[in-house]
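What follows is a single structure, written as structure tokens, with notes after it.
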Amino acid sequence: MSEVEELSVEQTLEWDTPLFQQALTQFEQALPHADVSESVAERLRFPERALMVSVPVRLDDQRFAVYAAYRVQHSSVLGPTKGGVRFDPDVSLGECAALAMWMTWKCALLRLPYGGAKGGVRCNPKELSQAELQRLTRRYTSELLPVIGPQEDIAAPDMATNEQTMAWMMDTYSMQVGHAVPEIVTGKPISLGGSLFRHEATGAGAVIVIERACQRLGWDLAEQRCVVQGFGNVGGIAATELVGKGAKVLAVSDVSGGAYADDGLDVMAALAWAAEHGSLETFPGVEHISNAELLELPCDILVLAAREDQVTAENAGAVHAKLVAEGANGPTTVEADAILAERGIPVLPDVLTNAGGVTVSYFEWVQDLGRLFWGRDEIRARLAEKLGDAFDRVWDLSAESGISLRSAALVSGIREVAAALTARGIFP
Ligand code: NAD
């Protein structure tokens, strides 16, 4: 008899979207190597809690709008849940559930005492003024009050949210409880108890992982030709760090398209241009290409740092990189993963490659709770140590078990969560 009862009720659940199916398929692919009981596996297929709220906002012109918003907490077995908040027109319950599940494996892989969460507001942030964004953020935060807290669920920036968003969230929460609670969010301004190096942590962490992979592959990072999709927090910093390591960045892109120079871009100039003009669209002195063309450029390392669903069954056959690194969450679909594997192109998976962000977020939370702050060099060294340790476990498991780096990363994370869940047992 199966350990898990098949439920007779319809099991198509509200978060069951293509992105959640992608997260679930990756989980199923890793499971046979993770040695987890059926009941623990079944528990982990479901997010623990999913909250949908509606957020009313008075616009600057006195019109009034209501936005759908979400927070999904996948697992609280190892500690409070942790995850970003994004403002994007595509935010949905399924997207948040998929991203929350990935966060669980990521935190566990890095051996951080957290589970995964994710949230967001379905809106077009480019159409909102700073004042409107502030009202939206504050009302969203107050709608989440029943489920967030420094020991319950801690937010961080994600797509189109930043230090300022986190400051508004921290202030809104602190006003409700009557005293300053910096540890309710991470990725906040340094003046509020933010951590040095948090802003750079995800992009810099991605390059730490890439450098480690190059060492294992016998490549010199300084000789690699790189392409970076996405030019925000993750992609912008990753491109800067790659150049800092002596690598050539041939192309970068944002939502408006890509900027390409075969002999290497001036990344600092591109960053300054994008900061001043809002995008790379008019950046002079380069060849302008589409995002689709950028993904197919011949290069050594392709860094995907924009968003999910970028390398798919349609274009995976046309990727001409020797190594793909996922700075974004979920940029490679399950079908594309199989095509890249068949073509011998290794993928450094998101749960490892972009884990620098949540790792320094953890350092920030620890510093806030202890009211004792560390120096930049100490943080960078601790980050490199944590990522290096996780990388080595993933690389070695992948080699020993003959599984992809993604499956190895997920197996490592799943094992940590499963061990804790087995020890705790299913309540009651
Ligand atoms: P961001 O908003 O700062 O930057 C996103 C960038 O991607 C922007 O340049 C945007 O123009 C570009 N972009 C958006 N849609 C695009 C498209 N269809 N094609 C090409 N470019 C597109 O966001 P971010 O914080 O850099 O996050 C990027 C990814 O990294 C997301 O998947 C996020 O979940 C993931 N991530 C972020 C962090 C973090 O600390 N910020 C940590 C872990 C993972």
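The values are calculated or read from the model by the stated rules, or taken from the named source; none is laboratory data. Predicted, not measured: the structure shown is a model, and the values here were computed from it. Because the Cβ atoms are built from the backbone with ideal geometry, glycine has one as well, and the counts that use them run over all protein chains shown. Just so you know, the surface numbers come from the protein's heavy atoms only, side chains and all, with ligands and any DNA or RNA stripped out. Shrake-Rupley method; radii C 1.70, N 1.55, O 1.52, S 1.80 Å.
If you take the residues in the stretch 390-405 that are more than 12 Å from A30 (Cβ to Cβ) and assigned to a helix (DSSP H, G or I), which one is most open to solvent (accessible area, probe 1.4 Å)? Looking at the filtered set, the residue picked out is E400.
Go through the stretch 148-175 residue by residue and tally those that are of a type in the set (D, E), over 10 Å from T137 (Cβ atoms), away from the ligand (no atom under 16 Å from the Cβ) and open to solvent by 20 Å² or more (accessible area, probe 1.4 Å).
First, the residues of the stretch 148-175 that are of a type in the set (D, E): 152-153, 158, 163, 171.
Now narrow it down to the ones that are over 10 Å from T137 (Cβ atoms): 152-153, 158, 163.
Checking which are away from the ligand (no atom under 16 Å from the Cβ) leaves us with 152-153.
So of that shortlist, the ones also open to solvent by 20 Å² or more (accessible area, probe 1.4 Å) come out as 152.
Residues meeting the conditions: 1.
Being touching a residue at least 24 places away in the same chain (Cβ under 8 Å) and charged (D, E, K, R) holds for only one residue in E293, E276, E314, and it is E293. The set of residues in the stretch 371-380 that are open to solvent by 40 Å² or more (accessible area, probe 1.4 Å) and at negative phi comprises L372, F373, W374, R376, D377, E378, R380. Among the candidates G203, G236, G258, G193, the residue that is in contact with a strand residue (DSSP E or B) (Cβ under 7 Å, 6 or more places away or on another chain), among the small types (G, A, S) and either under 16 Å from F283 (Cβ atoms) or touching a residue at least 60 places away in the same chain (Cβ under 8 Å) (or both) is uniquely G258.
Is at least one residue of the stretch 314-323 under 24 Å from F87 (Cα atoms), in contact with a helix residue (DSSP H, G or I) (Cβ under 7 Å, 6 or more places away or on another chain) and not acidic (D, E)?
Just the residues of the stretch 314-323 that are under 24 Å from F87 (Cα atoms), to begin with: none.
Looking through the stretch 314-323, none of the residues is under 24 Å from F87 (Cα atoms), in contact with a helix residue (DSSP H, G or I) (Cβ under 7 Å, 6 or more places away or on another chain) and not acidic (D, E).
Would you be able to say whether some residue in the stretch 61-83 is more than 16 Å from the ligand (Cβ to nearest atom) and of a type in the set (K, R)? The answer is yes; a qualifying residue exists.
For the structure I just gave you, tell me whether I210 is under 23 Å from C107 (Cα atoms) and either in the same structural domain as F87 (by TED's automatic domain parsing) or among the acidic types (D, E) (or both).
Working: under 23 Å from C107 (Cα atoms): yes; either in the same structural domain as F87 (by TED's automatic domain parsing) or among the acidic types (D, E) (or both): no.
No: the conditions fail for I210.
Can you find a residue in the stretch 351-370 that is acidic (D, E), modelled with pLDDT of 95 or more, open to solvent by less than 50 Å² (accessible area, probe 1.4 Å) and under 18 Å from the mean Cα position of the chain (by Cα)? Checked the stretch 351-370: at least one residue is acidic (D, E), modelled with pLDDT of 95 or more, open to solvent by less than 50 Å² (accessible area, probe 1.4 Å) and under 18 Å from the mean Cα position of the chain (by Cα).
Considering (1) open to solvent by 10 Å² or more (accessible area, probe 1.4 Å); (2) in contact (Cβ under 8 Å) with a residue 12 or more places away in the chain; (3) part of a helix (DSSP H, G or I), the lone condition that A336 does not fulfil carries the number (1).
Considering only the stretch 37-58, state which residues are closer than 22 Å to A117 by Cα and assigned to a loop (DSSP other than H, G, I, E, B).
Quick first cut of the stretch 37-58, residues closer than 22 Å to A117 by Cα only: 39-55.
Listed by number, the residues that qualify are R45, F46, P47, E48.
Residue check: is G357 within 14 Å of the ligand (Cβ to nearest atom) and small (G, A, S)? When the stated conditions are applied, G357 passes them. Residues that are within 12 Å of the ligand (Cβ to nearest atom) number at least 2 in the following strands (runs of 3 or more DSSP E) confined to the stretch 224-309: 225-229, 248-254, 257-260, 301-304.
Once the stretch 341-350 is narrowed to residues that are out of contact with any helix residue (DSSP H, G or I) (no Cβ under 7 Å at 6 or more places or on another chain) and not in a helix (DSSP H, G or I), the residue that is surrounded by the fewest Cβ atoms within 10 Å (Cβ to Cβ) is G344. Note on the stretch 315-332: residues that are part of a loop (DSSP other than H, G, I, E, B) and within 14 Å of the ligand (Cβ to nearest atom) amount to 6.
Just for the stretch 73-110: of the residues that are touching a helix residue (DSSP H, G or I) at 6+ places or on another chain (Cβ under 7 Å), of a type in the set (D, E, K, R) and not in a strand (DSSP E or B), which one is surrounded by the most Cβ atoms within 10 Å (Cβ to Cβ)? Out of the qualifying residues, it is K106.
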